[in-house]
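Any read-out appearing in this document is the output of simple, stated calculations on the displayed coordinates, not a laboratory observation. Owing to the predicted nature of the structure, the values given are computational and were not obtained by experimental measurement. Cβ atoms come from the backbone with ideal geometry, glycine included; neighbour counts cover every protein chain shown.
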Amino acid sequence: MATLHINTAAPKCRINRNIYGHFSEHLGRCIYEGVFVGENSPIPNVAGMRSDVVEALRRIRVPVLRWPGGCFADEYHWMDGIGPKESRKKMINTHWGGVVEDNSFGTHEFMELCRQIGCEPYINGNVGSGTIREMSEWVEYMTFDGVSPMAALRTENGHPEAWKVKYFGVGNENWGCGGNMRPEYYADEYRRYQTYVRNYGDNKIFRIACGPSVDDYAWTDGVMRVAGKYADAITLHYYTVPGSEWEHKGSATNFTREEYYRTLRKALRMEELVQNHLEIMNRYDPDHRVGLIVDEWGTWFDVEPGTNPVFLY
């Protein structure tokens with residue numbers, strides 16, 4: 001008979017609560033009907049947020065929630081999602097189904113969702129199709145507590161107090177859906193954009209750069225070499241799907257036993273990817289200051305003292 005001995009007096013590492021973080025994107029029913037039904041819905045809600053979903057998320061103590069994407073982040077223009085809902089600009093969600101997005105769930109609604117859940121907001125800015133001014137003004141709109149055009153606009157829209165935003169992603173998957181950029185080009189863009197993601201008052205932002213896709217070690221090298229000292233973390237994107245390619249990822253609910261175990265087996269590759277990317281990162285960051293975020297939902301845990309914080313999604 002196997003015996004398991006647990007020595008609580010000799011811990012190896014400290015697990016940060018953010019390992020249980022979550023990710024929200026305008027994909028399918030994740031936002032609309034999923035968490036947001038609107039104030040006039042017959043479904044019980046508080047400020048449009050489904051009470052049953054909020055209660056479930058509160059019970060599992062979600063620590064941090066990322067929004068608005070994902071691929072959607074690099075086609076999202078935040079000013080379309082503020083002000084009276086009836087006058088908000090509609091858009092086509094080109095990444096997920098070509099559906100009409102009415103922008104009734106925007107910045108105020110996301111911050112209200114985080115308030116109800118009791119979690120930290122993680123905002124993902126638009127580098128792929130957005131501007132530096134747009135990103136800079138979004139940060140000002142959310143976090144500046146004083147006299148400014150964006151603070152005045154926030155007050156006009158019903159929220160005079162500034163919010164706290166700790167985590168901010170400067171672009172997402174910019175090697176693909178976020179602009180099909182080369183690593184050095186993105187790194188230069190990241191350096192420009194992050195300059196204007198400012199800290200206002202006592203709100204200190206943790207700036208996150210787009211990291212590689214799977215084993216694209218050239219991307220990690222290029223971004224760290226050009227922009228590593230300007231980032232607090234970079235993201236690693238890896239999806240454990242049973243197919244050999246993303247286009248053949250299979251069904252989420254209808255799969256064979258063999259496909260299930262193949263998915264678990266492919267998940268074991270994560271240790272290899274994390275270690276290899278960290279090795280590259282540490283060439284440019286010998287003090288292990290920059291964290292590695294494993295996409296796609298968003299969190300971290302602290303590993304051995306003196307090593308990089310690793311964030312898991």
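Points to keep in mind about this one:
- Per-region count, segment 208-245, residues more than 14 Å from Arg182 (Cβ to Cβ) and of a type in the set (Lys, Arg): 1
- All positions within segment 121-138 that are touching a strand residue (DSSP E or B) at 6+ places or on another chain (Cβ under 7 Å) and over 10 Å from Val197 (Cβ atoms): Pro121, Tyr122, Asn124, Val127
- Close pairs from segment 231-243: first within 15 Å of Met270 (Cα to Cα), partner in a strand (DSSP E or B) and of a type in the set (A, V, I, L, M), Cβ under 6 Å, at least 6 apart: Thr235/Ile293; Leu236/Leu292; Leu236/Val294
- Verdict on Arg29 being in a loop (DSSP other than H, G, I, E, B), free of Cβ contacts under 8 Å to residues at least 40 places away in the same chain and closer than 28 Å to Val170 by Cα: yes
- Members of segment 116-144 found to be among the aromatic types (Phe, Trp, Tyr) and either without any contact (Cβ under 8 Å) to a residue 12 or more places away in the chain or in contact with a Phe, Trp or Tyr (Cβ under 7 Å, 6 or more places away or on another chain) (or both), listed by number: Tyr122, Trp138, Phe144
- Residue count for segment 27-54, restricted to those that are surrounded by fewer than 13 Cβ atoms within 10 Å (Cβ to Cβ) and within 22 Å of the chain's Cα centre (by Cα): 2
- Identity of the residue in segment 204-255, part of a loop (DSSP other than H, G, I, E, B) and hydrophobic (A, V, I, L, M, F, W, C), that ends up surrounded by the fewest Cβ atoms within 10 Å (Cβ to Cβ): Ala252
- Selection status of Glu161, in contact with a helix residue (DSSP H, G or I) (Cβ under 9 Å, 6 or more places away or on another chain), farther than 30 Å from Pro212 by Cβ, of a type in the set (D, E, K, R) and surrounded by 19 or more Cβ atoms within 10 Å (Cβ to Cβ): no
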